[in-house]
Amino acid sequence: MSKYLEITKITFKAQLAWRFDIAVNVVFTIAKILFAFILWKGIFDQRTTVAGFTFDSMLSYYIINSFLSQLDMSGNVSDELSNRIRSGTFSKYMVIPVNIQGYFLAQTAGASVFYLIFNLIAAIVWIFVFGIEFTFTTNPWLILVALLMVLLGLIFMIQLNYFLGLLTLKFQDIYLFLMIKSNIVVFIAGTLVPLALLPDLVLQVMRYFPFYYISYLPSMLLIGRNVEEIGFGLILLTTWVLLFLIINKITYQRLRVRYDGVGI
């Protein structure tokens, strides 16, 4: 465990060398919230509620969702794995005395904790800038469950990106897979619009996929909604995490024999 903790600490400290990345990440968070403000301000000028949301609760949802979605730094996992495999330096991970998937879990955790600080500051600033009546549950149980769901969701996303990165051992280019994944996550995670606005049939289908529980459901729980989905959500998300743990182990064992790179 101490090995993985050191990896997390090193990654956390390394982020300080990439100040421009920090600025871009914060600006991107701000841009999403600003876009939501402009869009929903126009809509709520004509009505007082939309799908049970008031203007304040809608902006609260976007602020929370933007904050949670920006914590996911797992996209770097698939990029780094793919680049390492194609350049012949994947050997580095095959010789270090740690589990490769565990290494990337620890590495991503370090980056996510670092950006958490700046994204939280950006979210708090926008609450005051918009002057909204911020909607946030006071129920400690809901907050705890939402945080647990966020953690499981981040673990799943790391596993998914690890799996996609490993596919470079079989396919020359995984850009198509990454593009499909990115578009699915942006939509189903409720980053563009709250999924409550979609037809019930579509929502029923989405509830069987883990992306629904990465940031959308935690955001809804933190504004005091969708409490009835907690039990099913935790079971399903845990199942997906355990399933991909097995899938990734099998995939690595079967595909690593295709790797013929050299060097570290």
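Read-outs: derived from the displayed coordinates by stated rules, not from any lab. From a predicted model like this one, the values you see are computed outputs, not experimental measurements. All Cβ positions, even for glycine, are placed from backbone atoms using ideal geometry, and neighbour counts span all protein chains on display.
One line per residue, one yes/no per condition, for (1) over 24 Å from Leu167 (Cα atoms); (2) touching a Leu at 6+ places or on another chain (Cβ under 9 Å); (3) of a type in the set (Asp, Glu):
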residue	(1), (2), (3)
Ile10	yes, no, no
Ile38	yes, no, no
Tyr93	no, yes, no
Ala111	no, no, no
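Would you check which residues across region 215-240 are surrounded by 19 or more Cβ atoms within 10 Å (Cβ to Cβ) and farther than 22 Å from Phe134 by Cβ and list them?
Gly233, Leu237, Trp240
Could you list, in sequence order, all residues of region 127-141 that are touching a residue at least 24 places away in the same chain (Cβ under 8 Å), assigned to a loop (DSSP other than H, G, I, E, B) and of a type in the set (Val, Ile, Thr)? It would help to see each step written out before you state the result.
The initial filter retains those residues of region 127-141 that are touching a residue at least 24 places away in the same chain (Cβ under 8 Å), namely 127, 130, 132-137, 139.
Checking which are assigned to a loop (DSSP other than H, G, I, E, B) leaves us with 132-137, 139.
Across region 127-141, the qualifying residues are Ile132, Thr135, Thr137.
Does region 220-228 contain at least one residue that is β-branched (Val, Ile, Thr) and outside any helix (DSSP H, G or I)?
Yes, there is a match, as at least one residue in region 220-228 is β-branched (Val, Ile, Thr) and outside any helix (DSSP H, G or I).
Take Ser78 and decide whether it is under 22 Å from Phe12 (Cβ atoms), among the small types (Gly, Ala, Ser), assigned to a helix (DSSP H, G or I) and out of contact with any Asp or Glu (no Cβ under 8 Å at 6 or more places or on another chain). Steps first, please.
Working: under 22 Å from Phe12 (Cβ atoms): yes; among the small types (Gly, Ala, Ser): yes; assigned to a helix (DSSP H, G or I): yes; out of contact with any Asp or Glu (no Cβ under 8 Å at 6 or more places or on another chain): yes.
Against the criterion (under 22 Å from Phe12 (Cβ atoms), among the small types (Gly, Ala, Ser), assigned to a helix (DSSP H, G or I) and out of contact with any Asp or Glu (no Cβ under 8 Å at 6 or more places or on another chain)), Ser78 qualifies.
Out of the residues in region 169-213 meeting the condition of being within 12 Å of the chain's Cα centre (by Cα) and among the aromatic types (Phe, Trp, Tyr), tell me which one is nearest to Phe244 (Cα to Cα).
Phe211
I'm checking my understanding of the structure. Among residues of region 193-214 that are of a type outside the set (A, V, I, L, M) and not in a helix (DSSP H, G or I), which one is surrounded by the fewest Cβ atoms within 10 Å (Cβ to Cβ)? Even if it seems obvious, please write down each step before you answer.
To start, the set of residues in region 193-214 that are of a type outside the set (A, V, I, L, M) comprises 194, 199-200, 204, 207-213.
Those left that are additionally not in a helix (DSSP H, G or I): 194, 199, 207-209.
Values: Pro194: 23, Pro199: 8, Arg207: 15, Tyr208: 10, Phe209: 14.
Here the residue is Pro199.
Report, by residue number, each residue of region 77-107 that is over 16 Å from Arg256 (Cβ atoms) and free of Cβ contacts under 8 Å to residues at least 60 places away in the same chain.
Asn83
Among the listed residues Ile85, Ile100, Ile121, Ile117, which satisfies the condition of being over 17 Å from the mean Cα position of the chain (by Cα), aliphatic (A, V, I, L, M) and surrounded by fewer than 18 Cβ atoms within 10 Å (Cβ to Cβ)?
Ile121 is the lone residue from the list that is over 17 Å from the mean Cα position of the chain (by Cα), aliphatic (A, V, I, L, M) and surrounded by fewer than 18 Cβ atoms within 10 Å (Cβ to Cβ).
Please verify whether Gly190 is crowded, with 21+ Cβ neighbours inside 10 Å, small (Gly, Ala, Ser) and within 30 Å of Ala51 (Cα to Cα), treating the condition exactly as stated.
yes
Checking Leu166 against (1) touching a residue at least 24 places away in the same chain (Cβ under 8 Å); (2) farther than 19 Å from Leu71 by Cα; (3) assigned to a loop (DSSP other than H, G, I, E, B), which single condition isn't satisfied?
Going through the list (1) touching a residue at least 24 places away in the same chain (Cβ under 8 Å); (2) farther than 19 Å from Leu71 by Cα; (3) assigned to a loop (DSSP other than H, G, I, E, B), Leu166 breaks only (3).
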